[in-house]
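Report on one structure; see the data block that follows.
Each value in this text was obtained by applying a stated rule to the coordinates, not by laboratory testing. Quick caveat, the model's predicted, so the values are computed rather than measured. With ideal geometry, Cβ positions are generated from the backbone for all residues, glycine too; neighbour counts draw on all protein chains shown.
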Amino acid sequence: MTKRIALTGFMGVGKSSVARHLAHRLKLKWTDLDRAIEDAERKSVAEIIDGEGLDAYRDIESRVLQAVVDDGTAGIISLGGGTFTLERNREILKAAEIPTVWLEASFEHSWLNITFSKKDRPLARDKESARQLFDERQKIYCLAEWHFVVRPDSTSFEVARQIEEQMFS
Ligand code: S3P
């Protein structure tokens, strides 16, 4: 079976861009979990969280993650920033033997990307709550099997190349 990996890390670190480059380089299918959720629910992530609440969103997220994993065609899965923080989602990935890669950037770097992005992120609408979430999550992200540091000057192309060199060659 083709090697599969999942990318995790805080909002704004560049999971989707790195996943896109990596999938292109490795000629693998890439699935972005947030996008898969939006396709399944026909609503944006922000509409789900704002309209149905965070718990309901997390239930949908786990269900869609399971479906993506069971489908088996995606070689690269970019998770949402909160996906890996739930034990049940880590179990889904573990059961399918999909290693997780933590893309780590500083909070300020992530925040800069969040503010420049068009994506509406309900959990990052104000800097202080985003920083608190960032601090709380570091100890969980570091449970990932692999770890790559995204420096302020590194491009997602370069990060994808590093992952390819270290994990796929
Ligand atoms: C979330 C991150 C978002 C999205 C949702 C919740 C989080 O994805 O899944 O808004 O809890 O960190 P990105 O990390 O792709 O922005």
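Considering only Leu123, Leu22, Leu65, the Gaussian network model of the chain with Cα springs below 10 Å gives its largest mean-square fluctuation to Leu123. Taking 7 Å steps out from each Cα toward its Cβ at Ala96 and Glu145 produces label points 1.4 nm apart. The convex hull of the Cα atoms of segment 1-40, projected and averaged over all directions, covers 3.3 nm².
Along the positive direction of the dipole of the chain (beta-carbon charges: Lys, Arg +1; Asp, Glu -1; about the Cα centre), which of Asn113, Ile98, Phe168 reaches farthest? Checked the options; the winner is Phe168.
Pairs with C-alpha atoms separated by more than 19 Å, drawn from the list Lys27/Lys94; Lys43/Lys119; Lys43/Lys118; Lys94/Lys119, are Lys27/Lys94; Lys94/Lys119. Which trypsin sites (Lys or Arg not before Pro) in segment 32-119 pass both tests, a DSSP loop state and at most 10 other beta-carbon atoms within 10 Å? Here the trypsin sites (Lys or Arg not before Pro) that fit, given the DSSP loop and packing criteria, are Arg42, Lys118.
For segment 110-169, a simple Cβ point-charge model (Lys and Arg +1, Asp and Glu -1, everything else neutral) yields a dipole of about 280 debye relative to the Cα centre. Model label sites at Gln162 and Ala56, defined 7 Å from Cα along the beta-carbon direction, differ in position by 4.0 nm. Normalising by residue count, the chain has a Cα convex hull of 107 Å³ per residue. When only the Cβ of Lys, Arg, Asp and Glu is charged (+1, +1, -1, -1), the dipole of the chain relative to its Cα centre reaches about 460 debye.
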